[in-house]
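Structure first, commentary second.
The values are calculated or read from the model by the stated rules, or taken from the named source; none is laboratory data. Only a predicted model underlies this, so the values are computations on that prediction, with no experimental measurement involved. Virtual Cβ from ideal backbone geometry, glycine too; neighbours counted across all protein chains shown. We work out accessible area using only protein heavy atoms, side chains counted, and drop any ligands, DNA or RNA first. Shrake-Rupley method; radii C 1.70, N 1.55, O 1.52, S 1.80 Å.
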Amino acid sequence: MSAKFQPGRDFAIALDRADPLARFREEFHVPKRTAHGEEEIYFAGNSLGLLPRRTPRYVEEELTKWERLAVKAHFSGEHPWMPYHELLAAPMARLVGASPGEVVTMNSLTANLHLMMASFYRPTQERHRILLEERAFPSDDYALESQARFHGFDPEEALVRVRADDVTRVLERDGAAIALVLLPGVQYYTGEAFDLGAITRLAHARGCVAGFDLAHAAGNLVLRLHDWNVDFAVWCTYKYLNSGPGSVGACFVHERHGNRSDLPRLAGWWGHDKESRFRMEPGFRPIAGAEGWQLSNPPILSLAAIRASLDVFMEAGGMEPLREKSVRLTGYLERLLRERAGDRIEILTPPDPGRRGCQLSLRVKASGLGRNVFEKLDAAGVTCDWREPDVIRVAPVPLYNRYEEVWRFVEILRESL
Ligand SMILES: Cc1ncc(COP(=O)(O)O)c(C=O)c1O
């Protein structure tokens with residue numbers, strides 16, 4: 001924060017007035033808690049993003065097409081369903097620093113992780129290990145463990161779980177035995193951001209494939225997946241990308257892999273050459289690029305919700321301006337926490353804005369009191385989340401959260417403590 005920082009509410013209100021993105025809050029439904037319709041302080045966009053006001057309209061359009069055109073909507077109407085997923089490619093690619101041919105919106109994060117590993121985890125006796133982090137999200141851990149087993153390796157030996165600050169050392173020392181590096185963009189528990197460019201460089205120098213789980217990074221950080229030379233990445237769209245519970249995930253495959261005939265893959269008809277798909281003949285011929293990994297015809301209602309959300313992101317100017325506000329907003333939260341509650345709250349997330357996204361993970365210093373404080377926050381109209389054993393995660397999201405909410409949150413937290 002600048003030298004002019006003041007701890008009072010007026011300062012927060014002044015920051016909101018000066019915020020060029022402030023109007024985007026009006027694009028969202030913020031849940032209301034009280035009979036008087038008071039909006040809650042929603043700091044859980046890292047878990048489920050809010051509903052954009054325009055989403056029902058986008059979804060409704062597809063329902064109307066279904067009602068009026070039924071099967072013919074695959075080929076007619078304003079946005080025919082057959083190529084509907086293509087509408088999402090350019091904005092999604094822009095958000096993660098890719099070209100449209102390198103991304104596809106499909107399946108769910110974990111399903112995509114398996115599909116990517118079918119192509120990019122090619123273990124041999126000498127090189128079959130997978131480097132992951134010590135506290136990987138459980139779904140990733142289970143997926144990696146099952147992949148190792150699927151290829152006939154003992155996960156106890158094949159999975160190398162390391163602390164974030166040990167990644168470089170372990171890669172340098174043991175890289176020759178590691179087939180795949182699979183790390184998060186932002187760690188879900190601590191909120192720490194990984195340096196994906198540096199990790200990819202080092203992984204490649206040691207002959208490993210570099211893949212990432214961007215569940216907490218997509219829509220949160222500025223990403224440059226193409227320039228960083230990342231091999232593949234997977235993410236979900238229901239967190240920072242505001243597309244609704246269980247909505248479809250997305251996948252990045254670097255352009256240099258997009259047309260490789262030597263890569264094995266698990267194929268389905270929606271990945272097959274578009275011109276000849278409906279000849280219904282045997283003999284899979286993949287579409288070039290990430291689209292070639294598609295399996296099935298996609299759920300249009302879910303894609304419509306993603307399209308609505310991506311349009312909001314594009315109108316906000318993409319990730320750069322959002323990230324700029326995010327650094328300020330989370331920086332303001334951190335400063336207030338340190339000044340107003342620093343004696344009772346520990347912040348687990350790194351203090352360097354370059355090593356985190358919008359989330360801060362907080363621990364109540366007095367042992368055993370964390371859960372109680374979390375419940376008091378909830379009762380006072382704050383939605384954030386609790387992660388066992390003792391962390392409260394708070395994520396002020398630049399698209400819809402305000403500085404004044406951050407200020408109120410810290411006041412409520414002080415009372416709850
Ligand atoms: C970091 C991370 N990885 C993976 C997943 C699993 O995602 P999905 O249920 O879409 O497969 C989640 C879900 O919250 C997550 O936060």
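Points worth noting:
- Subset tally (residues that are open to solvent by 60 Å² or more (accessible area, probe 1.4 Å) and among the acidic types (Asp, Glu)) for the range 157-178: 3
- Criterion: part of a loop (DSSP other than H, G, I, E, B), within 16 Å of the ligand (Cβ to nearest atom), modelled with pLDDT of 95 or more and touching a Ser or Thr at 6+ places or on another chain (Cβ under 6 Å) - qualifying residue of Leu241, Leu221: Leu241
- Test: Leu183 is within 11 Å of the ligand (Cβ to nearest atom), over 21 Å from Ser326 (Cα atoms) and surrounded by fewer than 24 Cβ atoms within 10 Å (Cβ to Cβ): yes
- Filter result for Glu156 (closer than 30 Å to Asp227 by Cα and more than 13 Å from the ligand (Cβ to nearest atom)): no
- Residues (touching a residue at least 24 places away in the same chain (Cβ under 8 Å) and either aliphatic (A, V, I, L, M) or closer than 25 Å to Asn229 by Cα (or both)) located in the range 257-290: His257, Gly258, Asn259, Leu263, Pro264, Arg265, Leu266, Ala267, Gly271, Ala288, Gly289, Ala290
- Residue match in the range 276-284 (condition: modelled with pLDDT of 95 or more and among the polar types (S, T, N, Q)): no
- Flag for Ala148 being assigned to a helix (DSSP H, G or I), away from the ligand (no atom under 16 Å from the Cβ), without any contact (Cβ under 8 Å) to a residue 40 or more places away in the chain and more than 27 Å from Pro350 (Cα to Cα): yes
- Test for Arg340: is it modelled with pLDDT of 95 or more, closer than 25 Å to Ala18 by Cβ and open to solvent by 50 Å² or more (accessible area, probe 1.4 Å): yes
- Boolean, Gly342 is of a type in the set (Gly, Ala, Ser) and more than 20 Å from Arg402 (Cβ to Cβ): yes
- Residue that is nearest to the ligand (Cβ to nearest atom), among those in the range 31-45 that are crowded, with 19+ Cβ neighbours inside 10 Å and over 15 Å from Ser309 (Cβ atoms): Ala44
- Verdict on Tyr188 being at negative phi and within 16 Å of the ligand (Cβ to nearest atom): yes
- Of residues in the range 95-114 being open to solvent by less than 20 Å² (accessible area, probe 1.4 Å) and among the polar types (S, T, N, Q), the one nearest to the ligand (Cβ to nearest atom): Asn112
- Only one entry in Val410, Val373, Val406, Val397 is modelled with pLDDT of 95 or more, in a loop (DSSP other than H, G, I, E, B) and hydrophobic (A, V, I, L, M, F, W, C), namely Val397.
- Residues of the range 191-218 satisfying the condition of being of a type outside the set (A, V, I, L, M), within 17 Å of Glu255 (Cβ to Cβ), more than 11 Å from the ligand (Cβ to nearest atom) and part of a strand (DSSP E or B): Gly211
- Out of Leu51, Leu69, sole residue that is among the hydrophobic types (A, V, I, L, M, F, W, C), over 24 Å from Leu214 (Cβ atoms), open to solvent by 50 Å² or more (accessible area, probe 1.4 Å) and at pLDDT 95 or above: Leu69
- Complete set of residues in the range 399-417 that are open to solvent by less than 10 Å² (accessible area, probe 1.4 Å) and within 11 Å of Phe43 (Cα to Cα): Tyr400, Asn401, Glu405, Val406, Phe409
- When Leu301, Leu322, Leu362 are checked against the criterion of being open to solvent by less than 10 Å² (accessible area, probe 1.4 Å), part of a helix (DSSP H, G or I), out of contact with any Gly (no Cβ under 6 Å at 6 or more places or on another chain) and not β-branched (Val, Ile, Thr), Leu322 stands alone in meeting it.
- Residues in the range 124-145 that are assigned to a loop (DSSP other than H, G, I, E, B) and within 21 Å of the chain's Cα centre (by Cα) were compared, and the one that is nearest to the ligand (Cβ to nearest atom) is Phe137.
- Tabulated pairs, the range 94-123, first farther than 27 Å from Glu320 by Cβ and assigned to a loop (DSSP other than H, G, I, E, B), second among the polar types (S, T, N, Q) and at pLDDT 95 or above, C-beta under 6 angstrom, 6+ apart or interchain: Tyr121/Gln147
- Subset of the range 229-271 (residues that are more than 11 Å from the chain's Cα centre (by Cα), among the polar types (S, T, N, Q) and surrounded by 15 or more Cβ atoms within 10 Å (Cβ to Cβ)): Asn229, Ser243, Ser247
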